[in-house]
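Student: Structure in structure tokens, see below.
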Amino acid sequence: MPPVLADIAAELDAIRAQSLWKTERPILTPQEPHIRVAGGREVLNFCANNYLGLADHPALITAAKEALDSHGLGMASVRFICGTSDLHLALERRIADYLHMEDSILFAACFDANGGVFEPLFGEQDAIVSDALNHASIIDGIRLSKARRYRFANGDMDDLEKQLKEARGTGARRVVIVSDGVFSMDGYFAKLADIRRLADAHEALILVDDCHATGFIGDKGRGTPARAGIAVDILTGTLGKALGGSAGGYIAAARPIVDLMRQRARPYLFSNALPPPIVAAAIKAIDLAEEGDDLRARLADNAKRFRSGMAKAGFTLLAGEHPIIPVMLGEAKLAQDMASRLYEQGIYVTGFFFPVVPKGQARIRTQMSAAHTASDIDAAIVAFTTVGRGLGIV
Ligand SMILES: *Cc1c(COP(=O)(O)O)cnc(C)c1O
């Protein structure tokens, strides 16, 4: 083996030896609560971001098929050359209207939206003040800008204020506070009302990544700013979670910010346009989300039912209201053993461990969907209890 490959093999062995190895399981059916995986086993899925259950919704499939016929498979171009269809413009308008923002711009993924948003807006004279637990794509996006970087401890408003004062003290031109709307490993909400107050006091902009909120949190599913009753300056989000679960990301903001993105954001300028079937399905997904009070009520009921059943069974959960419900286990190996035993019981969940969460805080992150029935939730609680007893956890 060439030395470079031997080095890489040793690195891979080290990942395995620490029980940090991630594997992938092929799914043979559409993404739904009841799925069939390679090997033929039927399992109940509790780890998809399919919060509203739209990933296999007939109206989205129909919209995608119709667009496939009317607009074809793909654009074979970036947006500004010949990759913009009427559907792209309609979706950008729809996202902006839905989120009560002036305009929006599409990206291939929210990873790209976050990767592209900082560099054009924030240069050497500017400061970015970022929550320590922000998503990897935000961290990477900030790295690509030349702005001065400040980090505040997760959800710590005293630390945020301290960092803001420091940033302002250096005479920064623009200052922006950056936070996930929901921290996906914990299901915790950002303290947006406090962040708004601090932003106003220190003349800072606010950027919120609402991937784990848009569609199902706040009035009409408008996300964490709606839940907190505040406005933010820049929202980023995904079409790959509650809004249909396919692909695509966006930035929603005041028109000059969106216009600058169209001119300067590199993942927008140098990457293919979203395929028309995906764009058409996303428009339909937003319609269903906006009208989806019943879906949101079912999702909230499911989260409540799972939280109370699991707490009664003796599990340690992170408190909250979000449909992300982490079951805390401690060591990586225990989280992995528990997940694989649950799988044997027909419950598909995933263990999360270092480096995704801090060492010693390994967990199984469960995610509820509006598409789960009450008996699906109860089946999961029974399986968790059986496996938890077997492992001496409860
Ligand atoms: C999922 C997620 C992303 C990435 O979204 P994609 O559209 O899948 O690239 C970005 N930020 C947060 C907070 C996320 O949860």
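The values are calculated or read from the model by the stated rules, or taken from the named source; none is laboratory data. Not measured: the values here are computed from a predicted model. Methodologically, a virtual Cβ is constructed for each residue, glycine included, from the backbone with ideal geometry; neighbour enumeration extends over all protein chains shown. Ligands, DNA and RNA are excluded from the accessible area calculation, which covers all protein heavy atoms including side chains. Shrake-Rupley method; radii C 1.70, N 1.55, O 1.52, S 1.80 Å.
Student: Let me check I've understood the local charge: for residue 190, count other residues with C-beta under 12 angstrom from its C-beta, Lys and Arg +1, Asp and Glu -1. What total comes out? Before the final figure, lay out each step's value.
Tutor: Numbers: positive: 191, 196, 227; negative: 131, 156, 180, 186, 194, 209, 210.
Combined, the nearby Lys, Arg, Asp and Glu give -4.
Student: Moving on to the next point. 5 Å is the cut-off here: which amide hydrogens, built 1.01 Å from N in the peptide plane, fall below it relative to residue 350, excluding neighbours closer than 5 in sequence?
Tutor: Those qualifying (amide H under 5 Å, at least 5 residues apart or on another chain) are 365.
Student: Whole-Hz ³J(HN,Hα) for each residue in segment 328-335, computed from phi via Karplus 6.51 cos²θ - 1.76 cosθ + 1.60 with θ = phi - 60°, x for glycine and proline: what do you get?
Tutor: Going residue by residue, I get 7, 10, x, 8, 4, 4, 5, 4 Hz, with x marking Gly and Pro.
Student: Next question, about the same structure. Using the crude model of +1 on Lys and Arg Cβ and -1 on Asp and Glu Cβ, and no other charge, please compute the dipole size for segment 1-152 relative to its Cα centre, in debye to 20.
Tutor: Values: 14 positive and 20 negative charges, 75 e Å.
I would put it at about 360 debye.
Student: Per residue of segment 91-98, what does 6.51 cos²θ - 1.76 cosθ + 1.60 with θ = phi - 60° give for ³J(HN,Hα)? Whole Hz please, x for Gly and Pro, Karplus curve as stated.
Tutor: Per-residue couplings from phi come out as 5, 4, 5, 4, 4, 4, 5, 4 Hz.
Student: Right, another one. Cβ under 12 Å from residue 130's Cβ, residue 130 left aside: what net charge do those residues give with Lys, Arg +1 and Asp, Glu -1?
Tutor: Local charge sum for residue 130: -1.
Student: Per residue, how large is the accessible surface of segment 74-187? Use a 1.4 angstrom probe and give square angstrom. Please list the in-between numbers first.
Tutor: Values: 4680 Å² over 114 residues.
About 41 Å² of surface per residue is accessible.
Student: Right, something else. Would you check the chain for Lys pairs whose C-alpha atoms are within less than 26 Å, ignoring same-chain pairs closer than 8 in sequence, and give me the count?
Tutor: 21
Student: Within a Cβ distance under 13 Å of residue 98, other residues only, what is the Lys/Arg minus Asp/Glu net charge? Please list the in-between numbers first.
Tutor: Values: positive: 93, 94, 220, 222, 284; negative: 92, 97, 102, 103, 210, 219, 287, 290, 291.
For residues surrounding residue 98, the net value is -4.
Student: Still on this model: May I ask what percent, to the nearest 5, of DSSP beta bridges between residues of the chain are antiparallel?
Tutor: Details: 26 of 45 bridges.
Looking only at bridges with both residues in the chain, the antiparallel portion is about 60 percent.
Student: Using only Cα atoms, locate the centre of segment 190-237 and the centre of segment 287-334, then give the distance between them in Å, rounded to an integer.
Tutor: Using only Cα atoms, the two centres lie 22 Å from each other.
Student: Hey, can you find the accessible area per residue of segment 326-379 for me, probe 1.4 Å, expressed in square angstrom?
Tutor: On the way: 2080 Å² over 54 residues.
With all protein chains present, segment 326-379 gives 38 Å² per residue.
Student: When a/c is below 1.5 the answer is rounded, else prolate if a/b is larger than b/c, else oblate, so apply that to segment 148-271 with a ≥ b ≥ c taken from the square roots of the Cα gyration tensor eigenvalues.
Tutor: oblate
Student: Pop out the ³J(HN,Hα) list for segment 351-368 in order, Karplus 6.51 cos²θ - 1.76 cosθ + 1.60 with θ = phi - 60°, rounded to Hz; leave Gly and Pro as x.
Tutor: Those phi angles translate into x, 10, 8, 3, x, 6, 10, x, 4, x, 10, 4, 7, 9, 8, 9, 9, 7 Hz.
Student: Got a number for carbon plus sulfur as a percent of segment 175-223's accessible area, 1.4 Å probe?
Tutor: Values: 670 of 1390 Å².
Taking all protein chains in place, segment 175-223 shows 48 percent carbon and sulfur surface.
Student: Which order do the peptides 363-376, 300-313, 12-25 come out in when sorted by mean C-beta neighbours inside 10 angstrom, highest first?
Tutor: For the peptides 363-376, 300-313, 12-25, the packing ranking is 363-376, 300-313, 12-25.
Student: What's the carbon and sulfur percent of segment 1-155's accessible surface, probe 1.4 angstrom, rounded to a whole number?
Tutor: Values: 4650 of 8080 Å².
Ligands and nucleic acids excluded, carbon and sulfur give 58 percent.
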